[in-house]
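Below is one structure; the comments refer to it alone.
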Amino acid sequence: MDSMAPSVSRLRERPRLLILTPDFPPAPGGIQVVAHRLAAGIRGLQTEVIAPDSPGAAQFDAASGVRVHRVRGGGGLRGGRNALLNAAALKHALSFRPDVTLSAHIVTSPAAAAIRRARGSRTVQYFHAEEIGAKPRLAAFAARHADASIAVSAYTASLIAAAGGPPERVHVIANGTDIPSDPAPRPVDRPTILTIARIEERYKGHDVMVRALALVLAKVPDAQWVVIGDGSLRPGLEQLARSYGVADSIRFLGAVPDDQRDAWLARAQLLAMPSRLPAGEFAGEGFGIVYLEAAAYGKPVVAGNVGGAVDAVVDGETGLLVDPLDPLAVAEAITRLLQDGELARRLGAAGAARAQTYAWSRVVERVEALLLAQLDGGAGAADGQRAREPEHGGS
Amino acid sequence: MCATLRHRGPDDEGVHSDVASGVTIGARRLAIMDIDGGHQPLCNEDGSVWAAFNGEIYNHPKLREDLRRRGHRFSTNTDTEVLVHLYEEYGEAMVHALEGMFTFAIWDQRSRRLLLARDRFGEKPLFLHEHDGELLFASELTSLLEVKPQLRELDPYAIDAFFVFAYVPGPGTIVPGVRQLPPGHLLSWERDGGVSRERSWWAPPERGVRRRESFRSVAAEAKLLFAESVRTRMVADVPVGVFLSGGVDSTLVAVAAAEASSQRLKTFTVGYDTGAVNETERARAVAGRLDSDHHEVTLTQADVAERAPAVLSRLDQPLGDRAAIPLHALSEFARPRVTVALGGEGADELFGGYPRYRWLERARRLQSALPEVAVRSLGGVLRQSGRVRQAARASARLAPTPVLERNLDWVTSERRHRREALYGPRLAQLDRGRVLANLATQAGELDGGTAARWLMHLDQVHYLPDDVLVKTDRASMLVSLEIRTAFLHAGLAELAGSLDTSMHLAGAGKALVHEMLPPGIIPAARFGRYRKTAFRVPAAEWLRGPLAPVMSRQLEHGVIYREGYFDRHAAEVLVREHTASTHDHSDQLWPLLALGLWADRFYGLDGA
């Protein structure tokens, strides 16, 4: 473990916040972004972060201005890495003495619970979605041992309750989005449908998109589907595309740097990602931050009418929510947006306006208020301002 | 032409003729949805688009809803009408929206174009004759021949292929002038100019994809898709039951159907009064645990004596799949109680259920590890020790035979090697290599993938549509019962096709079934004993018993011997040895019987 010298100057006027996270930039991913934006954005608390080491971390941390304690080791085993992370968090907490601990993922909840118990401090637990289905018992533990839980959508809140977490401590705070400095549309030579998601989980609906594309092409023959993201399901998807005879209308770009991704967001006519609820006990789209990112670029969205997407997209206002298992419904929504420029523009504009309320600065404010409330109100604070409803949007 | 198809659609008949363009489409109907309102052919609001349709579109309520939202007006509650409006919306791309088993014809009066399409797996048949700008099509070969009697002749190469496979491989037919629209294909024909264009719109995934995926999540996905498949296949305005063989696949279907059904499920099984195979007990046990309204029929030897000749001769193409007989008996027995039955067909081809895939994959790996010289010397040692038969078998199993031939010999009991002895002068001059060459063309290149996955794909485009589904469709439709296959669901097939071969080979199919079955239906301890037994048939016993007189009549009068296709004397030797029980020649005698009975009727000689 690479331990920084304990902070000497204790700024008594600001309470101390310790963020525990298994994922932190420069590693890519959604949870990484959440943890980083909070750590960088929260002003009312003195914040430090415990996160695993990753390639390029030292340079990133030096530039970011966030105090991050990197934990090395654990080998290739995720379980080992998480165990070391929890142990390091606990050890660090003894010197840092946080007033409140924010656990960004349930895998760091054991340390958060132990710190809470050892120090009598407050704990807030973040919930996304997928992890609750994968580890329902740990999720229930995490929810029970936290003073407050943050669910990124009403769907996630329902998953927490289903796993056995106390619903009265759950607060729905959606993830934020970066507002682009230049959201102006860029020219593109073909009508373009964009999907941005790792091709790792079936529930993202890439397969339904292939089937839908075969129908879309009947009406918009020169349409192209640009697929950003990579993953182990990609070869199967490419095969499916050949099987449907639509391979020539698809561009699989793989994982691309942020600037290229942003360029495609500026070019595309719409973003389509018909996420469905996965089978069995698995959880689906927690919120679908990519819907908001597209909205921030003024793009209308086609999404599934289930899971977290219903919080991220307002049907008929910022996008079209459809049965994600019905290729025809998906195709019709896409075709409508490709053919009706006026509709696409209207939904896109409404989406862009709504995305402003999800700017990271706003989300950070909400989380910060929740953290401070834990300190002000003591044990009853969470109950006093419970927020089962989404704090904005959704309605 | 429609009258010939009466058994396929006993409830109604209709024809639409576009006099100006000289185009006629017709249909006979077995009423399952909207029994009174579903007269065919059907048209759109202004009569410019007409459809005739055979099969079922399981997602038609959802499609109807989507189309209504887009402003289409419906006058019936049938799936045929959905086709008409879907065509107006999407043209020939409409096929991608369809989940089901179907063939259909759509006549578009405005563009003077005819669209023909066949479902993904080839569950429903479509025969074509094209000549000089003219196009004829029908669900059965027989109907086409009625319109064009001059086509009535046999293709010796199709007979050759039939003897090797015991079915007629598509896209050809037993008649030289008629072909089939392959599964997952559509054909568009322009009235002006009489040109047609045929293309594939769906093909089963060709190879597994190597990737990490948790077994639990695949199983959950498969379970979800399967439940959805069964649920939509249970929808009908007539009673629906399940054909239960006692094997794992049909048990799964029954379990899912019982879950999806608000009423007590009806299950049906068939047993025999001879032979060692009897699955009725196991089916009964499953039915008991599901508390279904269970029915058993025993196919007696007396029954077989009449049924087998009737069924084998009445099929529109010869079929040597002996399971057609019990399936016909079961369908006839069930027909007064249900109009639709769910079956487990296709599961083995999709999920790698046949042990053969594993063995041939192993053999191929062994072969690449084992020097040819070692194989030859093993054969030599066995031969010298007097064990000639074992030597021959070991050499055959271990010799560096291409995997395609090895597979062919496995599934056809090496019939291709018996052709020399059995063929008469009419077949003697054929190029015997053509069967294998055609098969190789259809199989495509192995191309770095595993042999197992390659063979699964071949079975999906060859054995499944041309044997399994022909048997399923014809045997049931002969008595106007519709079998719906619960495993042949597009999403499920695509999921299965994308699985890593190692998942299939590691017995994941079986494990998937474990995962999908509720506990207690099949006791875990007995699971290993549930081998491939789906509707096994005591054909060897029948050929010695009730069908022996039929066979000798065949030898005496049968057209295939009289016309010199097969050598009567060689066949007699086989029959004699088989009857004396010194040999089991049922693998050769059954196809000969099936072909002989069929050909007699084809030449109008049946009952002679």
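Residue under question is B:A93, and the condition is that it be open to solvent by less than 20 Å² (accessible area, probe 1.4 Å) and away from chain A (no Cβ under 14 Å); does it hold? Considered against the rule, which asks whether it is open to solvent by less than 20 Å² (accessible area, probe 1.4 Å) and away from chain A (no Cβ under 14 Å), B:A93 comes out as no.
If I ask for residues that are part of a loop (DSSP other than H, G, I, E, B) and either more than 17 Å from the chain's Cα centre (by Cα) or not assigned by TED's automatic domain parsing to the domain that holds A:V33 (or both), which ones from the stretch A:144-172 would you list? Passing the criteria: A:H145, A:A146, A:D147, A:G164, A:G165, A:P166.
If we keep just the residues of the stretch A:281-315 that are closer than 28 Å to A:K135 by Cα and in a helix (DSSP H, G or I), which is farthest from the other protein chains (Cβ to nearest Cβ)? Filtering the stretch A:281-315 for residues that are closer than 28 Å to A:K135 by Cα and in a helix (DSSP H, G or I), the one farthest from the other protein chains (Cβ to nearest Cβ) comes out as A:L292.
For the stretch B:66-90, name all the residues that are farther than 27 Å from A:L240 by Cα and within 14 Å of chain A (Cβ to nearest Cβ). Scanning the stretch B:66-90 gives B:R68, B:R69, B:R70, B:G71, B:H72. One residue is enough: does the stretch A:80-97 have a residue meeting the conditions loosely packed, with under 15 Cβ neighbours inside 10 Å, touching a helix residue (DSSP H, G or I) at 6+ places or on another chain (Cβ under 8 Å), closer than 19 Å to A:P25 by Cα and of a type outside the set (A, V, I, L, M, F, W, C)? So far as the stretch A:80-97 goes, no, none of its residues is loosely packed, with under 15 Cβ neighbours inside 10 Å, touching a helix residue (DSSP H, G or I) at 6+ places or on another chain (Cβ under 8 Å), closer than 19 Å to A:P25 by Cα and of a type outside the set (A, V, I, L, M, F, W, C).
The set of residues in the stretch B:551-608 that are open to solvent by less than 20 Å² (accessible area, probe 1.4 Å), in a loop (DSSP other than H, G, I, E, B) and small (G, A, S) comprises B:G558, B:G564.
Within the stretch A:213-222, restricting attention to residues that are within 12 Å of chain B (Cβ to nearest Cβ) and in a loop (DSSP other than H, G, I, E, B), which residue is most open to solvent (accessible area, probe 1.4 Å)?
Per the stated criteria, the residue is A:P221.
Comparison of A:G165, A:G176 shows that the only residue that is away from chain B (no Cβ under 14 Å), crowded, with 22+ Cβ neighbours inside 10 Å and within 26 Å of A:P257 (Cβ to Cβ) is A:G176.
Let's see how each residue does on (1) within 14 Å of another protein chain (Cβ to nearest Cβ); (2) open to solvent by less than 40 Å² (accessible area, probe 1.4 Å); (3) within 20 Å of B:E198 (Cβ to Cβ):
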position: B:A97; (1), (2), (3): yes, yes, no
position: B:G100; (1), (2), (3): yes, yes, no
position: B:F104; (1), (2), (3): no, yes, yes
position: B:Q109; (1), (2), (3): no, no, no
position: B:D119; (1), (2), (3): no, yes, yes
position: B:F127; (1), (2), (3): no, yes, yes
position: B:S143; (1), (2), (3): no, yes, no
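Filtering B:E153, B:E221, B:E190 for residues that are within 14 Å of chain A (Cβ to nearest Cβ) and open to solvent by 10 Å² or more (accessible area, probe 1.4 Å) leaves a single hit, B:E221. Scanning the stretch B:49-83 for residues that are touching a Phe, Trp or Tyr at 6+ places or on another chain (Cβ under 8 Å) and over 20 Å from A:D326 (Cβ atoms) yields B:V49, B:W50, B:A51, B:A52, B:F53, B:N54, B:G55, B:T80. For the residues A:V330, A:V256, A:V306, the requirement of being buried (at least 21 other Cβ atoms within 10 Å of the Cβ) and outside the structural domain of A:A129 (by TED's automatic domain parsing) singles out A:V330. Return a yes/no flag: does the stretch A:229-249 have any residue that is in contact (Cβ under 8 Å) with a residue 40 or more places away in the chain, assigned by TED's automatic domain parsing to the domain that holds A:P327, surrounded by fewer than 22 Cβ atoms within 10 Å (Cβ to Cβ) and touching a Leu at 6+ places or on another chain (Cβ under 7 Å). So far as the stretch A:229-249 goes, no, none of its residues is in contact (Cβ under 8 Å) with a residue 40 or more places away in the chain, assigned by TED's automatic domain parsing to the domain that holds A:P327, surrounded by fewer than 22 Cβ atoms within 10 Å (Cβ to Cβ) and touching a Leu at 6+ places or on another chain (Cβ under 7 Å).
Have a look at A:A312, A:A331, A:A266, A:A279 and point out the one that is of a type in the set (A, V, I, L, M) and under 20 Å from the mean Cα position of the chain (by Cα).
Sole residue among the options that is of a type in the set (A, V, I, L, M) and under 20 Å from the mean Cα position of the chain (by Cα): A:A312.
Can you go through A:R16, A:R43 and tell me which one is open to solvent by 50 Å² or more (accessible area, probe 1.4 Å) and within 24 Å of A:D99 (Cβ to Cβ)?
Result of the check over A:R16, A:R43: A:R43.
Residue-wise test of (1) hydroxyl-bearing (S, T, Y); (2) without any contact (Cβ under 8 Å) to a residue 60 or more places away in the chain; (3) closer than 30 Å to B:E228 by Cβ.
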| residue | (1), (2), (3) |
| --- | --- |
| A:L292 | no, no, no |
| A:P300 | no, yes, yes |
| A:G304 | no, no, yes |
| A:A331 | no, no, yes |
| A:T335 | yes, no, yes |
| A:L343 | no, yes, no |
| A:T357 | yes, yes, no |
| A:S361 | yes, no, no |
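Helices (runs of 4 or more DSSP H) fully within the stretch A:64-143 that include at least 1 residues being under 18 Å from A:L159 (Cβ atoms): A:109-119, A:130-134.
Condition test on A:T318, is it facing chain B (nearest Cβ under 10 Å) and open to solvent by less than 20 Å² (accessible area, probe 1.4 Å)? When the stated conditions are applied, A:T318 does not pass them.
The values are calculated or read from the model by the stated rules, or taken from the named source; none is laboratory data. Because the structure is a prediction, the values reported are computed rather than measured. Positions of Cβ are generated from backbone atoms using ideal geometry, with glycine treated the same way; all protein chains shown enter the neighbour counts. Heads up: the accessible areas ignore ligands, DNA and RNA and are worked out on the full protein's heavy atoms, side chains in. Shrake-Rupley method; radii C 1.70, N 1.55, O 1.52, S 1.80 Å.
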